[in-house]
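Peer 1: Okay, here's the structure, questions in a sec.
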Amino acid sequence: MTVLICDPVATTTIQMLEEAGIEVDNRPDITADELLQDAANYDGMVVRSRTRVPKEVIDAATSLKIVVRGGVGLDNIDVSYAQSKGVAVRNTPKASSNSVAELALGYMLALARKIPQGTMSMAQGEWKKKQLKGTEIAGKTLGLIGFGNIGSLLGEKAAALGMDVIFYRRTPIEVSYARQVSLDELLAESDYISLHVPKTPDTAHVLDAGAFAKMKEGVYIIHCGRGGTLDENALHDALVSGKVAGAALDVYEDEKVSPGNPKLFELGDGNGFLRVIGSPHIGASTVEGQDRVGVEVAEILIDFYKENS
């Protein structure tokens, strides 16, 4: 079995695969054109968020049997078409969940206490102590839109810090630390709202202008989920109007053309501070998370290899 590594993975992944007798071609910078040209040479592929596996690649990969996405989402793979061609598609939904949950929690604290703004002002030789008065997250309501692996972990951590946690999901579930509500209830009650739903036709722009209109004045938005589930233009308008007090974004609607949304990062609060803080899709980028992803990717491929040898 020959596997193409299309994006960077932990060294452990390659070692485990080779020790299992799997031939590995590690090409973490492979271009779309190169992938299309060389796809027929491989039985398996490993991708992260950078590499796309559309219909054209699947058609070209005449020997392909399995694609493994190291991470949560599968929106960069044409899953239904792959499966129609007999190609198995797998991912590692739990491996990086804690890393993403911790980033979202860190963003909540950063928004509440204006940590990035304070750092930037200090770097500019300023001492804006009075303008940096923050709030506590204890006693505030966190609304989680989506309550899977990441959302539930974030909810558990937030509850431990004294937050009232509510969540919206389609199927009913009971947990001791959070309360399930309707989406409208969540929008109306939350002081912080964090998005954790996959990108589907049903969840595209789940937070749009209509949703922002139903929110509390001064709500904070955290987005470490999937780009496209938040309407960034509607968020911009809600920030300008004051409906939204601040936002923290790790994912964006278009990450290929523009590094984030410049229009959002230009918004100030009148005291010389930014209203939006962000990062370049680093939710899963921790040493521990990457190691877990790498091990799980290798285990999936090794099991597949043994079952099909």
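We did not get these values from a lab; they are worked out from the coordinates using the rules stated. In this text, all values refer to a predicted model and were calculated from it rather than measured experimentally. Every residue, glycine among them, receives a Cβ derived from its backbone with ideal geometry; neighbour counts consider all protein chains shown.
Peer 1: If eta is 0.692 mPa s and T is 37 °C, what Stokes-Einstein diffusion coefficient results for the stretch 97-278, Kirkwood Rh from Cα pairs, in µm²/s?
Peer 2: Values: Rh = 16.5 Å.
After rounding, the answer is 199 µm²/s.
Peer 1: To continue, here is another question. Over what distance in Å are the Cα centres of the stretch 218-248 and the stretch 1-69 separated?
Peer 2: 36 Å
Peer 1: Hey, rough spin-label estimate for MET120 and ALA60, points 7 angstrom out along Cα→Cβ, what's it come to in nanometres?
Peer 2: The modelled label-to-label distance comes out at 4.1 nm.
Peer 1: Can you put LEU264, LEU144, LEU35 in order of Cβ neighbours within 10 angstrom, beginning with the fewest?
Peer 2: LEU264, LEU35, LEU144
Peer 1: Shifting gears a bit: From Cα pairs below 8 angstrom and at least 6 apart in sequence, can you work out the relative contact order of the stretch 242-309, rounded to a whole percent?
Peer 2: 30 percent
Peer 1: Just want to confirm a number: the relative contact order over the stretch 195-298, from Cα pairs under 8 angstrom separated by 6+ residues, in percent.
Peer 2: Worked out over the stretch 195-298, it gives 23 percent.
Peer 1: Which of the trypsin sites (Lys or Arg not before Pro) found in the stretch 63-136 are loop residues per DSSP with 10 or fewer other Cβ atoms within 10 Å of their Cβ?
Peer 2: Counting only loop positions with at most 10 other Cβ atoms within 10 Å, the trypsin sites (Lys or Arg not before Pro) in the stretch 63-136 are LYS129, LYS133.
Peer 1: List every residue whose amide H lies under 5 Å from the amide H of ARG179, counting only residues 5 or more places away in sequence or on a different chain, with H placed 1.01 Å from N in the peptide plane.
Peer 2: Under 5 Å from the amide H of ARG179: VAL165, ILE166, PHE167.
Peer 1: Calculate for the chain the 222 nm mean residue ellipticity that helices alone would give, adding -39,500 (n - 2.57) per DSSP H run of length 4 or more and normalising by residue count, nearest 500 deg cm²/dmol.
Peer 2: -10500 deg cm²/dmol, from helical runs alone.
Peer 1: Summing Lys, Arg as +1 and Asp, Glu as -1, what charge do residues with Cβ under 12 Å from the Cβ of ASN271 carry, ASN271 excluded?
Peer 2: Surrounding charge for ASN271 is +4.
Peer 1: Also: Using amide H atoms built 1.01 Å from N in the peptide plane, name the residues 5+ places from VAL89, or on other chains, whose amide H lies under 5 Å from its own.
Peer 2: VAL67
Peer 1: Sequence-distant or interchain residues sharing an amide H contact under 5 Å with SER190, placed H: which?
Peer 2: LYS216
Peer 1: Let me ask something additional. Which of the peptides 147-158, 282-293 is most tightly packed, and how do the rest follow, going by the mean number of other Cβ atoms within 10 Å of each residue?
Peer 2: The densest-packed peptide leads the list: 147-158, 282-293.
Peer 1: What is the gain in length, in nm to one decimal, between ASP33 and GLU288 on full extension, counting 0.36 nm per residue of separation less the C-alpha to C-alpha distance?
Peer 2: Between ASP33 and GLU288, full extension yields 88.6 nm more.
Peer 1: Which chymotrypsin sites (Phe, Trp or Tyr not before Pro) in the stretch 148-210 pass both tests, a DSSP loop state and at most 14 other beta-carbon atoms within 10 Å?
Peer 2: TYR177
Peer 1: How tilted is helix 287-307 with respect to the longest principal axis of the chain? Cα atoms for both, answer in degrees (0 to 90, nearest 10).
Peer 2: Orientation of helix 287-307: about 30 degrees from the principal axis.
Peer 1: Let me ask something additional. If the elastic network links every pair of Cα atoms under 10 Å, which of PRO93, PRO262, PRO280 fluctuates the most in the Gaussian network model of the chain?
Peer 2: Evaluated over the chain, the most mobile residue of the options is PRO262.
Peer 1: Additional query: Given 0.36 nm per residue, what is the gain on full extension from GLU19 to ALA160 after removing their alpha carbon distance, in nm?
Peer 2: Net length gain for the segment: 46.6 nm.
Peer 1: Once phi is turned into ³J(HN,Hα) by the Karplus curve 6.51 cos²θ - 1.76 cosθ + 1.60 with θ = phi - 60°, what whole-Hz value does each residue of the stretch 226-231 show in order, with x for glycine and proline?
Peer 2: Running phi through 6.51 cos²θ - 1.76 cosθ + 1.60 with θ = phi - 60° gives 10, x, x, 7, 10, 7 Hz.
Peer 1: Let me ask something additional. Taking other Cβ within 10 Å of each residue's Cβ, how do SER279, SER176, SER194 sort, fewest first?
Peer 2: Fewest to most other Cβ atoms nearby, the residues stand as SER176, SER279, SER194.
Peer 1: Just to check I understand the Karplus step: with θ = phi - 60° and J = 6.51 cos²θ - 1.76 cosθ + 1.60, what whole-Hz values come out for the stretch 24-34, glycine and proline as x?
Peer 2: 10, 10, 8, 10, x, 10, 4, 8, 4, 5, 5
Peer 1: State the dimensionless ratio Rg/Rh of the chain (Rg: radius of gyration of Cα atoms; Rh: Kirkwood radius).
Peer 2: 1.02
Peer 1: Next up: Calculated FRET efficiency, ASN271 and LYS214, Cβ-Cβ r, R0 25 Å, to nearest 0.05? Walk me through the numbers on the way to the answer.
Peer 2: Details: r = 28 Å, r/R0 = 1.12.
Efficiency, rounded to the nearest 0.05: 0.35.
Peer 1: Here is a follow-up. Spelling out what I want: for every residue of the stretch 113-119, take phi, set θ = phi - 60°, compute 6.51 cos²θ - 1.76 cosθ + 1.60 (Karplus), and round to whole Hz; glycine and proline get x.
Peer 2: Values per residue, Gly and Pro as x: 10, 6, 5, x, 5, x, 4 Hz.
Peer 1: For the residues VAL295, VAL47, what sequence is obtained by ranking on other C-beta atoms within 10 Å, fewest first? Intermediate results must be reported in sequence, preceding the final value.
Peer 2: Numbers: VAL295 16, VAL47 26.
Listing VAL295, VAL47 from fewest to most nearby Cβ atoms yields VAL295, VAL47.
Peer 1: Something else now. Assuming R0 = 30 Å, what is the FRET efficiency of LYS129 and SER241, from their Cβ-Cβ distance, to the nearest 0.05?
Peer 2: 0.60
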